[in-house]
Amino acid sequence: MVLLSVAVASMCYFLLVMALPSALTSTSYKRRCSKIYVHKEWRDLTVKDRLAYIKAVKCLQALPSSIPTIARSRYEDFQATHIDLTERIHLVGHFLPWHRHQINLYGKALRKECGYKGPIAFWDWTRDGDNAEGPLAQSPIFDDVTGFGGNGVPGTYTLPDDVSQTPEPYRYVGCVQTGPFRDSVYTVHLGPGKLKTDHCMVSATWRPILGTENVRKQLASRTFEEFRLVIDDMTNGIHGMGHAAVGGEMTNIYSAGADPLFYLHHQNLDRMWWHWQQKGKDRLKEISGPSTQNGNDTVTLDFEMDFPALGLNVTVGEVMDISKEPNCYTFDY
């Protein structure tokens, strides 16, 4: 069992921030895509591709970090960047564009750095939300062999004293002890929250409002401003509900990227946004919301987003159309 290391739990967050490299110079993507990748729902991948995807994730977790002073692996480069920028990329107008590019960089890393050849996967939670039979933990996404492992085991994990509990403490039930990321295999070194601790992957699945009808209502938003606010509704929004469905570290806004399901969840959010973009004229150019939390300005297509430890800066406008560089992908439905 991988237990929380109290000795490192008190390390200051400013070390994480200061250690991240400076943002790279912005670039303009003008090349047409030489290939369009088709992203698929996890259950629609062949078993061979599911196993290969999991192998590629574990490969990223074994590769050396580009920021070794704070992260232990290439996988943690993505989590560390998200932790560092959390307060700049949530409850802001560029929430969806920033996460679109982050998960695209993650998919490219799986392919280019770890040799993954299959489709990048998303998790369509409506398939589980519409299925009222059996607990969510029985979904194929949590399969012990061809999925990401089951529920956490009670009594195997305790939150550090200086990390606030969520309103539902059962979300931190305990360490995942089955599947490819079980506590005897996978150690998390960043989080919970802004801390740096060694701990297991924590999960506690439950079934929130993730059915088709709820998603359909949210996709009916008439403007981007309405759509982004509905997405960010922490009570009923599909962003927060997807995190809550997995529980554990996925419910922590900073360090949720410790769980590999973070990327499948956000890939599906990106799919929802893409569907919304396709439903109206000029929606590929529609953006709104402040550039900072509670700010008075409005994000524009020229707003530059940074990705320390991951890649070049890009503007919001450069990621709006997934059929063009630097994206070059679509979804199979």
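Please give the number of the condition THR146 fails out of (1) open to solvent by less than 30 Å² (accessible area, probe 1.4 Å); (2) within 17 Å of the chain's Cα centre (by Cα).
It fails just one condition, (2).
Being within 19 Å of VAL319 (Cβ to Cβ) and open to solvent by 50 Å² or more (accessible area, probe 1.4 Å) is the filter here, so list the residues in the stretch 290-299 that pass it.
THR298 - this is the single residue of the stretch 290-299 that is within 19 Å of VAL319 (Cβ to Cβ) and open to solvent by 50 Å² or more (accessible area, probe 1.4 Å).
Are there any pairs, at least 6 apart or on different chains, whose C-beta atoms fall under 8 Å, with the first in the stretch 211-225 and under 16 Å from GLY242 (Cβ atoms) and the second open to solvent by less than 10 Å² (accessible area, probe 1.4 Å) and at pLDDT below 85, and if so, which?
Filtered contacts from the stretch 211-225: GLN218/GLY237.
Quick one: LEU60 ticks every box in (1) open to solvent by 70 Å² or more (accessible area, probe 1.4 Å); (2) without any contact (Cβ under 8 Å) to a residue 60 or more places away in the chain bar one, so which box is it?
Of the numbered conditions (1) open to solvent by 70 Å² or more (accessible area, probe 1.4 Å); (2) without any contact (Cβ under 8 Å) to a residue 60 or more places away in the chain, the odd one out for LEU60 is (1).
When the residues of the stretch 119-142 are narrowed to those that are acidic (Asp, Glu) and in a loop (DSSP other than H, G, I, E, B), which ends up surrounded by the fewest Cβ atoms within 10 Å (Cβ to Cβ)?
The selected residue is GLU133.
The values are calculated or read from the model by the stated rules, or taken from the named source; none is laboratory data. Computed from a predicted model, the values in this text were never measured in an experiment. Virtual Cβ from ideal backbone geometry, glycine too; neighbours counted across all protein chains shown. Quick note on the areas: whole protein, heavy atoms, side chains included, nothing else; ligands and nucleic acids left out. Shrake-Rupley method; radii C 1.70, N 1.55, O 1.52, S 1.80 Å.
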